[in-house]
Amino acid sequence: MDSYYNKEVSNCYFCQSDNFIEHSKATYWKIIELNFFECKNCGLIFANPMPSLDIIIKGNKALNVLHTSRGTFSQYKGGKEFTFVLKKICRKGTLLDVGCAEGLFLKGIEDFSEWKAEGIDVIESAVTFSNNRLGVKVYFGVLESMKNPDNTYDYIRMNNVIEHVQNPVSFIKKANSLLKNGGIVYISTPNGIQDGAVLKTANKQGTIINLLENHFFYYKPKTLKNILKSCGFRIIKSYCEDIKHSIKDFGLFPWIKIRDSNEKYSLNDYTEKENTDFQISDDEINNMKYDKSLNSKKLLFNLYFNRFFKIKIPSVIPIGHQQVAVAEKIKEVK
Ligand SMILES: [Zn+2]
């Protein structure tokens, strides 16, 4: 069992305090137990010991088999939608999408703007697909291993990535060095207060949740902002959204039980399987550009219409399943 974990840490990844309290328990793919602790000083919640990279890679592969439907065209459409945000910043620039998967989001950006869009991912088949089939530059590996020179990018996007990393501080510092001064980082991640509460409430009700995604760090909005500030960023905006789960997750209605929907999944059943489901022809790729649903006026109308109904809660009131932080690099931090 030892090789399933990294060495236990005795100091917090962020503030170095050794004052942790027990937070909750979970399992990862039914194969290992996870013990989450909360740093009393900075609020960071993390698994200790941390599962090893070896077991995470196996878990990710299994997840890839399980989640065979990937949003292909909707990712591409999302890329075009994102050009509205980018064009407000500058007519052209260079973007890095961390955890970009097959890169269709990036292709959408490059097809509909003058921005150069690059990505990085740890799934080798996704990286090969992006480079060879889409002609979008995607690097293989974790962000910290990236060899690109400092001050390369104007915008770094991290959509649901920071909860998966091995060390959030070295990760954000690397983003700082890759960004130009004044460059923007966009982070979205589960709201650690609420997502952590799910595990805690389930524990109280006698359930130990089986995690399939390697979410081993949970960030309270305040903690995330403090990490960004200490890594040379100024917060532009920070908010929470998606409030539909809240009350149940916090255990406010104790008769509503939190159920473990992943109970039946064990890593042992997935070690031999491969995902061969992701197939798209060159014609389909080339024709995406002409899809009627990409009409700019229609897209803009939908964006504003949806925004009107999507409540953004200032992150000082940390309810909502998801949180977003947007920050600007103001100084170099090593
Ligand atoms: Zn701490």
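Looking for whichever is in contact with a Cys (Cβ under 8 Å, 6 or more places away or on another chain) and surrounded by fewer than 22 Cβ atoms within 10 Å (Cβ to Cβ) here; the options are 142, 85, 161, 169. Which one fits? Show your work before the answer.
On the way: 142 fails: in contact with a Cys (Cβ under 8 Å, 6 or more places away or on another chain); 85 fails: in contact with a Cys (Cβ under 8 Å, 6 or more places away or on another chain); 161 fails: in contact with a Cys (Cβ under 8 Å, 6 or more places away or on another chain).
Answer to the selection: 169.
Criterion first (more than 16 Å from the ligand (Cβ to nearest atom) and over 16 Å from residue 213 (Cα atoms)) does residue 25 satisfy it?
no
Having 1 or more residues that are among the charged types (D, E, K, R) is the bar; report the strands (runs of 3 or more DSSP E) wholly within the range 11-51 that clear it. Lay out the reasoning, then the answer.
Values: elements: 20-28, 32-39, 45-47.
Here the list reads 20-28, 32-39.
Among the residues of the range 217-233, is there at least one that is at pLDDT below 85, within 16 Å of residue 319 (Cβ to Cβ) and crowded, with 16+ Cβ neighbours inside 10 Å?
Filtering the range 217-233 for residues at pLDDT below 85 gives none.
No; the residues of the range 217-233 include none that is at pLDDT below 85, within 16 Å of residue 319 (Cβ to Cβ) and crowded, with 16+ Cβ neighbours inside 10 Å.
Given the conditions (1) at pLDDT 90 or above; (2) surrounded by fewer than 18 Cβ atoms within 10 Å (Cβ to Cβ); (3) among the aliphatic types (A, V, I, L, M), and given that residue 288 satisfies all but one, which numbered condition is not satisfied?
Evaluating residue 288 over (1) at pLDDT 90 or above; (2) surrounded by fewer than 18 Cβ atoms within 10 Å (Cβ to Cβ); (3) among the aliphatic types (A, V, I, L, M) leaves (2) as the failure.
Which residue pairs have Cβ atoms under 9 Å apart, sit 6 or more places apart or on different chains, and have a first residue in the range 310-334 that is free of Cβ contacts under 8 Å to residues at least 12 places away in the same chain and a second that is surrounded by 13 or more Cβ atoms within 10 Å (Cβ to Cβ) and of a type in the set (D, E, K, R)?
Going by the 9 Å Cβ cut-off, there are no qualifying pairs.
Mind counting the residues in the range 102-125 that are touching a residue at least 60 places away in the same chain (Cβ under 8 Å) and either surrounded by fewer than 21 Cβ atoms within 10 Å (Cβ to Cβ) or over 24 Å from residue 290 (Cβ atoms) (or both)?
Count: 4.
Can we say residue 111 is at pLDDT 95 or above and in a helix (DSSP H, G or I)? Don't jump to the end; show me each part of the working.
Working: at pLDDT 95 or above: yes; in a helix (DSSP H, G or I): yes.
Yes; evaluated as a whole, the condition is true for this residue.
Only one of 95, 66, 86 is under 22 Å from the mean Cα position of the chain (by Cα), away from the ligand (no atom under 16 Å from the Cβ) and under 26 Å from residue 212 (Cβ atoms). Can you tell me which? Can you show your working first?
Details: 95 fails: under 26 Å from residue 212 (Cβ atoms); 86 fails: under 26 Å from residue 212 (Cβ atoms).
The unique qualifying residue is 66.
Give 39, 15 a once-over and let me know the one that is surrounded by fewer than 20 Cβ atoms within 10 Å (Cβ to Cβ) and near the ligand (Cβ under 8 Å from one of its atoms). Write out each step before concluding.
Working: 39 fails: surrounded by fewer than 20 Cβ atoms within 10 Å (Cβ to Cβ).
Among 39, 15, only 15 is surrounded by fewer than 20 Cβ atoms within 10 Å (Cβ to Cβ) and near the ligand (Cβ under 8 Å from one of its atoms).
Restricting to the range 42-58, count the residues that are out of contact with any Asp or Glu (no Cβ under 8 Å at 6 or more places or on another chain) and more than 10 Å from the ligand (Cβ to nearest atom). Walk me through how you get there before you give the answer.
Quick first cut of the range 42-58, residues out of contact with any Asp or Glu (no Cβ under 8 Å at 6 or more places or on another chain) only: 42-43, 46-47, 50-58.
Of the ones still in play, those that are also more than 10 Å from the ligand (Cβ to nearest atom) are 47, 50-58.
Final tally of qualifying residues: 10.
The values are calculated or read from the model by the stated rules, or taken from the named source; none is laboratory data. Not measured: the values here are computed from a predicted model. In this analysis, Cβ positions are derived from the backbone assuming ideal geometry, glycine residues included, and neighbour counts consider all displayed protein chains.
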